[in-house]
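Structure first, then comments.
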Amino acid sequence: MEKKSTQTELIHHDYVPPDGFGAFTVPIHHASTVLFKNVAAMRSRNWQDKSAYTYGLHGTPTTFTLEARLASIEHGTHCLLAPSGLAAIAMINFALLNTGDDLLIPDNAYSPNRELGVWMEKDYGISTRFYDPMIGEGIRDLIQDNTRLIWAEAPGSVSMEVPDIPAICRAARERGVPVALDNTWSAGIAFDAFEHGADISMQALTKYQSGGSDVLMGAVITRDEQVHRRIELAHMRLGMGVGADDVYLVLRNLPSLRVRFAAHDAAAREIAAWMKTRPEIAKVLHPAYPDCPGHEFWKRDFTGAGGLFSVIFNEAYSEEQTDRFVDCLQLFKIGFSWGGAHSLCVPYRMQGIRTAWKEKGQLIRFNIGLEDPKDLIADIEQGLNALSA
Ligand SMILES: *Cc1c(COP(=O)(O)O)cnc(C)c1O
């Protein structure tokens, strides 16, 4: 071809870098358009076949790499990324539920998951029922002929009850109902969802996998080809794209996932044990300690605990007082989410997010970051002292 005009050269350039570049990093492929060699290649492409590429939404080498690595962490066979943990939850619901179906959600589920269930009932004709997370095998009695999906979460968001996941999964399997587990708390490394009977493991990568408090992303991991194919259709139909730079940030932090998780875990246990000694605290809701409902299931089924736990204050303390305690903390910042290096603290009004809640004291959730636990204890101590003053 003749020499092109500068304008065209700005768009079509002949330079190709040499082959053979090696680095530990996964290349960040930014792409909406994906190119085909010829029309036949384009026509014969099946977007569901991950041996090649079709369109940015359906995957790039960057997203396929993260999916493969997340599937391997949980010993699954398939993984799909979503733009947030909540988007991953929605994708599962849209994949597996139709009008007239019945959905079971634990009463202690991540509250936007509950909210989505309420919306599906109101506007999509799907009956949504909330069950006692500690129901175990008893869930058998709740399963109807039209029940098509059971959510589980271990432990439950905020109130931290650890359900008997194998018992729930056994009862569901007898009736052929898939169980989707929100496995975010364990990061997929402290609880083996599939070995304990779940059909789907959902992760908010926003938490430990990202580890930086700077990325929103979710993942759905499966072992069952049929279930995967249904979720993949929803992924395509709903346009669940994720940004390449965000995927890179998660890939970059994966090598330190286990050591970060173990550090959060050790610090959280130390701080939780210390809080148990304080008269202001009525209960420490940390799965590794006996105050926490389902502690025995945690001991049986989990290999670690991470940095998230809650406490219930002695009921003598009013909300105003415990709010002041939170405001007094200096290292602990006030904010949602968790899994990053910074410690966080959030007071919850439990009546608003539970159908049944019997505790009378104020509940405060702590995310233990990666600061020195001694400094964190000193911070909590000065906050508690201010509370009594
Ligand atoms: C944070 C979280 C989610 C949602 O993740 P986002 O990326 O914030 O949408 C879902 N489940 C649990 C248990 C979570 O903690």
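The values are calculated or read from the model by the stated rules, or taken from the named source; none is laboratory data. Everything quoted here is computed from the prediction, not taken from an experiment. Note that each Cβ is placed from the backbone with ideal geometry, even for glycine, and that neighbours are counted across all protein chains shown. For accessibility, only protein heavy atoms count, side chains too; no ligands or nucleic acids. Shrake-Rupley method; radii C 1.70, N 1.55, O 1.52, S 1.80 Å.
Computed over protein heavy atoms with a 1.4 Å probe, the carbon and sulfur contribution to the accessible area of the range 1-106 reaches 59%. Ignoring ligands, DNA and RNA, please state the percent of accessible area on the range 107-153 from carbon and sulfur, probe 1.4 Å. Carbon with sulfur: 50 percent of the solvent-accessible area.
Only helical runs count toward this figure. For the chain, summing -39,500 (n - 2.57) over DSSP H runs of n ≥ 4 and dividing by all residues gives -11000 deg cm²/dmol at 222 nm. For the pair Ala23 and Lys360, a Förster radius of 45 Å applied to the C-beta separation gives a FRET efficiency near 0.20, rounded to the nearest 0.05. In a fully extended conformation the segment linking Lys374 and Phe36 would gain 115.9 nm over its present Cα-Cα distance, using 0.36 nm per residue.
Using DSSP to call loops (not H, G, I, E or B), can you name the chymotrypsin sites (Phe, Trp or Tyr not before Pro) in the range 305-389 whose Cβ has at most 14 other Cβ atoms within 10 angstrom?
Numbers: sites: Phe309, Phe313, Tyr317, Phe325, Phe332, Phe336, Trp338, Tyr348, Trp357, Phe366; in loops: Tyr317, Phe332, Phe336, Trp338, Trp357.
Taking the range 305-389 and a limit of 14 other Cβ atoms within 10 Å, the loop chymotrypsin sites (Phe, Trp or Tyr not before Pro) found are Phe336.
Which of rounded, prolate or oblate describes the range 50-158 when judged by the alpha-carbon gyration tensor and an a/c cut-off of 1.5?
Details: a/c = 2.24, a/b = 1.74, b/c = 1.29.
Note, shape of the range 50-158 comes out prolate.
Which is the longest stretch in the chain that no exposed loop site breaks, taking sites as trypsin sites (Lys or Arg not before Pro) with a DSSP loop state and at most 13 other Cβ atoms within 10 Å? Maximal segment without exposed cleavage sites: 176-348.
By the scheme Lys and Arg +1, Asp and Glu -1, what is the net charge of all other residues having a beta-carbon under 15 Å from that of His342? Walk me through the numbers on the way to the answer.
Values: positive: Lys207, Arg260, Lys333, Arg365; negative: Asp214, Glu371, Asp372, Asp375, Asp379.
Spelling it out: positives minus negatives among the neighbours equals -1.
Exposed loop positions in the chain were taken to be GluC sites (Glu not before Pro) whose DSSP state is not H, G, I, E or B and which have at most 16 other beta-carbon atoms within 10 angstrom. Between these positions, the longest stretch is 3-194.
Write down the accessible area per residue of the range 60-136 in Å², having rolled a 1.4 Å probe over the full set of protein chains. Please list the in-between numbers first.
On the way: 2740 Å² over 77 residues.
Accessible area per residue: 36 Å².
Taking the 1.4 Å solvent-accessible surface of the range 233-338 as the whole, the part contributed by carbon and sulfur is 54%. Only lysine pairs 8 or more places apart, or on different chains, with alpha-carbon atoms under 24 angstrom apart are counted in the chain, and they number 17.
Please give the per residue accessible area of the range 244-296, computed with a probe of 1.4 Å over protein heavy atoms only, in Å².
Numbers: 2300 Å² over 53 residues.
In whole numbers, the range 244-296 has 43 Å² accessible per residue.
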